[in-house]
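Encoded as C-alpha cells, the structure appears first; notes follow it.
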Amino acid sequence: EPEVTQTPSHQVTQMGQEVILRCVPISNHLYFYWYRQILGQKVEFLVSFYNNEISEKSEIFDDQFSVERPDGSNFTLKIRSTKLEDSAMYFCASRDRAGGYTFGSGTRLTVV
Amino acid sequence: RKEVEQDPGPFNVPEGATVAFNCTYSNSASQSFFWYRQDCRKEPKLLMSVYSSGNEDGRFTAQLNRASQYISLLIRDSKLSDSATYLCVVTYTGGFKTIFGAGTRLFVKA
C-alpha cells in the first residue's frame, strides 16, 4: 500500500533555531498538507499546497512557517526561530483528486 | 461554537457491543466528510468517507445529515482492536482546508 514518508521521526532543537521537516507524499497525489498535534490535543490544519502554491492556510501558519516542494517528490515544512510552544507532532498528508487524506507517521518536534 | 464538535467520551463498551459516535459541524459550506481513527501517538488513518446516502463498510456504518449538519458512525460487534480515538473530519474549499474534531476515545473490553 502506498504511503507518505516523513523524516526525521523525532527532532530535538533549541529554541530560536530553524527546523525543516521533510515529507515524501504518495507519488500520484496532487494535494499536500501539513498538520500539527500538540500532545493531548486535537489535530490542527496548518496549510494545503497544490500546483506549487499554497491553497489554504490556517491562522497558525504565520510568517514563522513556510512550505516548499523543492523537487518532484519532496514536500517540506520550515519553522523559523522555533518557540517552546512549537513542540508537537507534525503530520504530512497527501491525497488524490477524489480520495481521503493519507497521513505520514509524523515528526515529533521537541523544542528545548 | 466549535467548527466540529464530537461526543467527549470516553466510551467503555464490552466486546460485541454496538456503539455510536456523533459529530456536528457549524459551517454549512462544508463539502466532504470523513471518519478517521487514531491510535495512541500514531497518525490518523482513514476509516471511511461519509456520504449523504449513508455508507457501510463491514461492521462500520456512516451517515450524513446535511440539513442538521450532523455526522454519525456506528460500530457493530465491537472488537478489542477497535479501541482507538475516532476523529470526525470536515473539509471546505474543495478539500483544501480540513477541520478535525477533538475525537472520541473508545475502549473495548473483553
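Key figures for this structure:
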{"read-out": "Among (1) at pLDDT below 95; (2) of a type outside the set (Asp, Glu); (3) not in a strand (DSSP E or B) - the single one residue B:78 does not satisfy", "value": "(1)"}
{"read-out": "Matching residues in region A:89-112 - criterion: being within 18 Å of residue B:34 (Cβ to Cβ), in a loop (DSSP other than H, G, I, E, B) and either more than 8 Å from every other protein chain (Cβ to nearest Cβ) or at pLDDT below 95 (or both)", "value": "A:96, A:97, A:98, A:99, A:100, A:101"}
{"read-out": "Count - residues of region B:72-88 that are of a type in the set (Asp, Glu) and touching a strand residue (DSSP E or B) at 6+ places or on another chain (Cβ under 6 Å)", "value": "1"}
{"read-out": "Of all residues in region B:57-71 being assigned to a strand (DSSP E or B) and in contact (Cβ under 8 Å) with a residue 40 or more places away in the chain, the one that is surrounded by the most Cβ atoms within 10 Å (Cβ to Cβ)", "value": "B:71"}
{"read-out": "Any hit, region B:94-108, residues being surrounded by fewer than 20 Cβ atoms within 10 Å (Cβ to Cβ) and within 14 Å of residue B:11 (Cα to Cα)", "value": "yes"}
{"read-out": "All positions within region B:29-86 that are within 13 Å of chain A (Cβ to nearest Cβ) and among the β-branched types (Val, Ile, Thr)", "value": "B:50, B:85"}
{"read-out": "Filter result for residue B:26 (of a type in the set (Gly, Ala, Ser), in contact (Cβ under 8 Å) with a residue 24 or more places away in the chain and more than 14 Å from chain A (Cβ to nearest Cβ))", "value": "yes"}
{"read-out": "Residue count, region A:73-88 (criterion: under 25 Å from residue B:45 (Cα atoms) and either at pLDDT below 95 or in contact with a Phe, Trp or Tyr (Cβ under 9 Å, 6 or more places away or on another chain) (or both))", "value": "5"}
{"read-out": "Number of positions in region A:4-53 that are surrounded by 14 or more Cβ atoms within 10 Å (Cβ to Cβ), under 15 Å from the mean Cα position of the chain (by Cα), under 20 Å from residue B:96 (Cα atoms) and within 13 Å of chain B (Cβ to nearest Cβ)", "value": "18"}
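The values are calculated or read from the model by the stated rules, or taken from the named source; none is laboratory data. Only a predicted model underlies this, so the values are computations on that prediction, with no experimental measurement involved. Quick reminder, even Gly has a Cβ in these numbers, built from the backbone with ideal geometry, and neighbours come from all protein chains shown.
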